[in-house]
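Below: one structure, written as structure tokens.
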Amino acid sequence: AQAPETTAITTLNTNPSTSVNRNVRNIWETSAPTVIQGDSIKTWDFRAENMEAVQVLLKTNGRPLHANVELWQGEDHIPQKISVYTEDGEARPFSAFLATPYHGATSIAVKNSANMEFPLKACVEGDLQDAANGRGYGASLAQTTLKRIWESASPKVIQGGGASKIFPFDESVARIQLMITNEMGTPVNARIELLQGPNNVKQVIEVSTEDGQARPFFAVLETPGLANALRIVNQGPFEFPIDCRVEPFFVVDELEDDYFFDTPAEQQATDNWSTSFLDKVTSLWDGSGSRKSP
């Protein structure tokens, strides 16, 4: 008989010295966005032998974002599928890594599943090494980011059969990072929900991968406003548990140069801070500005 669904609540560690990584460059500084109209698909092909991951970022101009992302490797082989929905694609964009351990022909397909009135912008960049110095921007980003959360966050095991775990965090956490793996190399089928208030789902990501050990799922999620929490549901069989690592990625309290509160009323008005991860790096969208060094 299938085990009953269970829910556990885990408190996030918000110690910036061990959990916040602000020094990692991101794809928006190096790539130009591609506009994908509603009900259409766009593919990116990679044929480099030294690519270990692909970074995918999606956003809208404030409209709903509904997209499907597929990793194609080899003939008729789709080892990973991701479905993402968010009610506001500017305040809560999608940013994730897709592991590509297979060193052959690799493609990323992004389908805009929304209506024609809701286009989206996409950036897709391969984790490529620079032949001149033996390493590249992509490799450094993937290794730094994934290694850090792997070492700093303790894995929380979620059994299959619909079991879930909730990770609440306070308003000082502006972005969170999460990694889902499976030490046994079995398939992963997980549902990730970003909540704001009781059962108020702001963003939903469904991940399906054939090997949770070789192809971990990593994402950075924006968490504007108050009363945010992350709920992860293991939709796979009871015999296929998953390991989840969830840590703060960006804490507002650290931005002493960017946030000033002269009066309690001003702080109250700014509690619903919703500056997007993508807007912090303006060089991609409007061709001006640069990221401020921490």
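The values are calculated or read from the model by the stated rules, or taken from the named source; none is laboratory data. Being a predicted model, the structure only gives us computed values, none of them experimental. Here the Cβ is made from the backbone with ideal geometry for all residues, glycine too, and neighbour counts use every protein chain on show. Ligands, DNA and RNA are stripped out before the accessible areas are found, and what is left, the full protein with its side chains, is counted by its heavy atoms. Shrake-Rupley method; radii C 1.70, N 1.55, O 1.52, S 1.80 Å.
Is the shape of the range 204-251 best called rounded, prolate or oblate, per the rule: a/c under 1.5 gives rounded, else a/b larger than b/c gives prolate, else oblate, with a ≥ b ≥ c the square roots of the Cα gyration tensor eigenvalues? Note, shape of the range 204-251 comes out prolate. Rounded to the nearest Hz, the phi-derived 3J(HN,Hα) couplings of the range 201-213 under the Karplus curve 6.51 cos²θ - 1.76 cosθ + 1.60 (θ = phi - 60°) are 7, 9, 8, 10, 10, 10, 10, 9, 9, 7, 8, x, 8, where x marks glycine and proline.
Between GLU87 and PHE238, what is the spin-label point distance in nm, taking each point 7 Å from the Cα along the Cα→C-beta axis? Output for this residue pair reads 3.5 nm. Taking the accessible area of the range 164-254, probe 1.4 Å, and keeping the other protein chains in place, the carbon and sulfur fraction comes to 51%. Rolling a 1.4 Å probe over the protein chains gives VAL157 an accessible area of about 80 Å². With θ taken as phi - 60° and the Karplus curve 6.51 cos²θ - 1.76 cosθ + 1.60 applied, the whole-hertz 3J(HN,Hα) list for the range 162-170 is x, 5, 9, 9, 10, 10, x, 8, 8 Hz, x standing for glycine and proline.
Calculated FRET efficiency, GLU49 to ALA109, Cβ-Cβ distance, R0 = 22 Å: about 0.55 to the nearest 0.05.
Using heavy atoms of the protein chains and a probe of 1.4 Å, the accessible area assigned to TYR102 is about 110 Å². Close amide H partners of ALA227, meaning residues 5 or more places away or on another chain with modelled amide H under 5 Å apart, are GLU171.
Pairs from the list LYS121/LYS202; LYS81/LYS156; LYS42/LYS202 with a Cα-Cα gap above 21 Å: LYS81/LYS156; LYS42/LYS202.
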